[in-house]
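**Student:** To start, I am sharing the structure in question, which I have written as structure tokens.
Coordinate-derived values only; no laboratory data. This is a predicted model, so every value here is computed, not measured. Backbone-built Cβ (ideal geometry, glycine too); neighbour counts: all protein chains shown.
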Amino acid sequence: SVSLLQKEKELDRISALPGQPKVAFSQFSGYVTVNQEHGRALFYWLTEASSLPEKKPLVLWLNGGPGCSSVAYGASEEIGPFRINITASSLFLNKYSWNREANLLFLESPAGVGFSYTNTSSDLKNSGDKRTAQDALIFLLRWMSRFPGYKYREFYIAGESYAGHYVPQLAKIIVDYNKKHSNSIINLKGFIVGNAVTDNYYDSIGTVTYWWTHSMISDQTYKSILNHCNFSADKATKPCDDAVYYAMNREFGDIDQYSIYAPTCT
Amino acid sequence: CTESYAEKYYNRKDVQKAMHANTTGSIPYKWTACSDVLIKNWKDSENSVLPTYKFLISAGLRIWVFSGDTDSVVPVTATRFSLSHLNLTIKTRWYPWYSGGQVGGWTEVYKGLTFATVRGAGHEVPLFQPKRAFVLFKSFLAGKELPKS
């Protein structure tokens with residue numbers, strides 16, 4: 001079985017991506033089945049560290065959404081070694097790629113994101129936080145069996161946005177798993193998250209406050225949102241929706257909400 | 001706009017072949033950056049992950065939370081309001097951290113968690129401020145506080 005796993009790893013090796021510049025690091029990508037019965041398989045892309053990969057930690061990157069791709073955002077726009085040119089004909093290097101310091105594992109999670117898939121179509125309509133964390137744990141255990149060099153390696157999780165849920169939730173079930181299994185192969189040391197969804201109530205209050213303190217909305221709209229919205233309720237009311245709609249469509253202007261001073265993509 | 005380049009690139013057959021993706025060609029939809037079906041049908045979502053943070057802090061994990069200060073979707077005030085309810089003890093008081101001779105953002109170190117802002121960065125911090133994000137990442141991995149000069 002060891003030689004079979006070794007073979008699986010080598011089958012996942014990327015010789016070169018179309019349009020890719022010459023690089024000194026190794027890359028692997030492929031699928032790991034996380035649920036045989038439903039046919040759920042998660043797609044990963046490992047870009048190893050550009051120097052001394054065997055001495056560098058492993059960092060798993062998860063994107064948010066829920067339902068957005070780590071390959072699209074984490075790898076190709078943010079921390080990965082390659083950027084895609086405007087015609088999508090070639091790749092160029094990211095000077096500040098995080099693989100200068102760590103081995104980067106991008107995971108398309110849950111099934112249905114990017115290249116990850118399920119053979120059970122209902123899986124796409126009943127995904128949620130719990131199954132995402134459970135599948136990611138199974139992925140990690142199986143992936144490390146395929147890549148035994150990463151067993152017991154210093155391991156971190158990183159992510160952004162709705163991964164503010166995925167990352168701590170995965171960390172928690174790894175901690176739980178490690179308590180039950182002495183000598184666990186996952187040596188989780190910590191996590192880092194950015195612009196992360198954390199708490200529905202406090203996040204909402206803070207978001208409206210940001211809009212007001214950054215002069216994106218008027219005093220009247222700020223008061224209207226605070227008066228009409230009960231952020232601790234599960235569902236928003238129509239007056240709340242109307243107030244937020246007015247802010248976004250009449251007062252924000254034509255901006256990129258994800259980066260308020262950057263030009264919008266036309 | 002870079003997301004649209006990814007939509008083109010990862011739907012190329014030669015790229016999929018090189019990445020061993022969609023090997024049987026049986027995935028019934030195009031590769032896309034975000035799945036609308038998943039977003040619309042998401043089932044369980046905790047209202048708050050603050051209790052999970054408390055659990056993980058007590059488990060001794062290294063936890064860093066950062067925030068690009070030009071994002072209005074999950075903005076810096078949202079994160080600060082949320083984290084403040086963890087009632088953490090301050091270890092190193094609020095200070096500006098530096099990258100390339102400029103203020104990279106502000107940070108405060110608590111017992112069990114480090115919070116840092118990244119100046120001039122939107123939702124995708126490493127996209128908008130790659131150098132500052134890299135400094136942040138290196139400090140995180142090294143377990144060191146962000147540079148004071």
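**Student:** With only Lys, Arg, Asp and Glu charged, each at its Cβ (+1 for the first two, -1 for the last two), find how big the charge dipole of the protein assembly as shown is about the Cα centre; round to the nearest 20 debye.
**Tutor:** Using Cβ point charges on Lys, Arg, Asp and Glu, the protein assembly as shown gives about 1300 debye.
**Student:** Going by a ≥ b ≥ c, the root eigenvalues of the Cα gyration tensor, does the protein assembly as shown fall in the rounded group (a/c under 1.5), the prolate group (a/b larger than b/c) or the oblate group?
**Tutor:** Here the protein assembly as shown falls in the rounded category.
**Student:** Could you give the length gained on full extension between residue A:125 and residue A:218, defined as 0.36 nm per residue of separation minus the Cα-Cα distance, in nm?
**Tutor:** My answer for the length gained is 29.6 nm.
**Student:** Around residue A:96, what is the net charge, scoring Lys/Arg as +1 and Asp/Glu as -1 over all other residues with Cβ under 15 Å from its Cβ?
**Tutor:** For residues surrounding residue A:96, the net value is +2.
**Student:** Further question: Read phi for every residue in region B:14-23 and hand back ³J(HN,Hα) as whole Hz from Karplus 6.51 cos²θ - 1.76 cosθ + 1.60, θ = phi - 60°, with x for Gly and Pro.
**Tutor:** 5, 5, 4, 5, 5, 8, 6, 9, 6, 4
**Student:** Here is a further query. Go ahead and collect, in residue order, the members of region A:214-237 whose backbone nitrogen is under 16 Å from a label point 7 Å along the Cα-Cβ direction of residue A:245.
**Tutor:** A:225, A:228-229, A:236-237
**Student:** Check residue A:68: other-chain or 5+ apart residues with amide H under 5 Å from its amide H, H built from backbone geometry?
**Tutor:** Under 5 Å from the amide H of residue A:68: B:35.
**Student:** According to a simple spin-label model (label point 7 Å from Cα along Cα-to-Cβ), what is the distance in nm between residue B:86 and residue A:90?
**Tutor:** 4.4 nm
**Student:** On to the next question. Return the distance in nm (one decimal) between the two label points of a simple spin-label model at residue B:103 and residue A:6, each offset 7 Å from Cα along Cα→Cβ.
**Tutor:** Here the modelled spin labels are 5.6 nm apart.
**Student:** Considering only Cα-Cα distances, which of the following residue pairs are longer than 21 Å: A:55/B:111; A:151/B:43; A:55/A:151; A:189/B:138?
**Tutor:** Result: A:55/B:111; A:151/B:43 exceed 21 Å.
**Student:** In whole Hz and in residue order, list the ³J(HN,Hα) couplings for region B:116-123 that follow from phi through the Karplus curve 6.51 cos²θ - 1.76 cosθ + 1.60, θ = phi - 60°; x for Gly and Pro.
**Tutor:** Coupling constants for region B:116-123: 9, 9, 10, 5, x, 10, x, 4 Hz.
**Student:** Please list, in order along region A:112-124, the HN-Hα scalar couplings obtained from phi with the Karplus expression 6.51 cos²θ - 1.76 cosθ + 1.60 (θ = phi - 60°), rounded to whole Hz, x for Gly and Pro.
**Tutor:** Each residue's phi maps through the Karplus curve to give x, 8, x, 8, 5, 9, 9, 8, 10, 4, 5, 4, 6 Hz.
**Student:** Please give the Cα centre distance for region A:200-236 versus region B:46-74, rounded to the nearest Å.
**Tutor:** When both Cα centres are located, 21 Å separates them.
**Student:** What do the square roots of 5 times the Cα gyration tensor eigenvalues come to for region B:49-109, in whole Å, largest first, as semi-axes of the equivalent ellipsoid?
**Tutor:** 22, 16, 10
**Student:** Using the membrane-span-like helix rule (whole DSSP H runs, Cα extent along the own axis of at least 15 Å, mean Kyte-Doolittle hydropathy at least 0.0), which helices of chain B qualify?
**Tutor:** B:130-142
**Student:** Let me check I've understood the local charge: for residue A:229, count other residues with C-beta under 12 angstrom from its C-beta, Lys and Arg +1, Asp and Glu -1. What total comes out?
**Tutor:** +1
**Student:** Would you grab the residues whose amide H sits under 5 Å from the one on residue B:99? Only those 5+ places off in sequence or on another chain, please, with H modelled 1.01 Å from N.
**Tutor:** Counting only residues 5 or more places away or on other chains, the set is B:104.
**Student:** Next question, about the same structure. What length, rounded to one decimal in nm, is gained on full extension from residue B:93 through to residue B:47, with 0.36 nm per residue of separation minus their alpha-carbon distance?
**Tutor:** 13.6 nm
**Student:** Please list, ordered by chain and number, the residues whose modelled amide H lies under 5 Å from the amide H of residue B:86; skip anything fewer than 5 residues away on the same chain.
**Tutor:** none
**Student:** DSSP beta bridges in the protein assembly as shown, what fraction antiparallel, as a percent rounded to 5?
**Tutor:** Of the beta bridges lying entirely in the protein assembly as shown, close to 55 percent run antiparallel.
**Student:** Using 7 Å Cα-to-Cβ label points, what is the residue A:24/residue B:11 separation (nm, one decimal)?
**Tutor:** 3.7 nm
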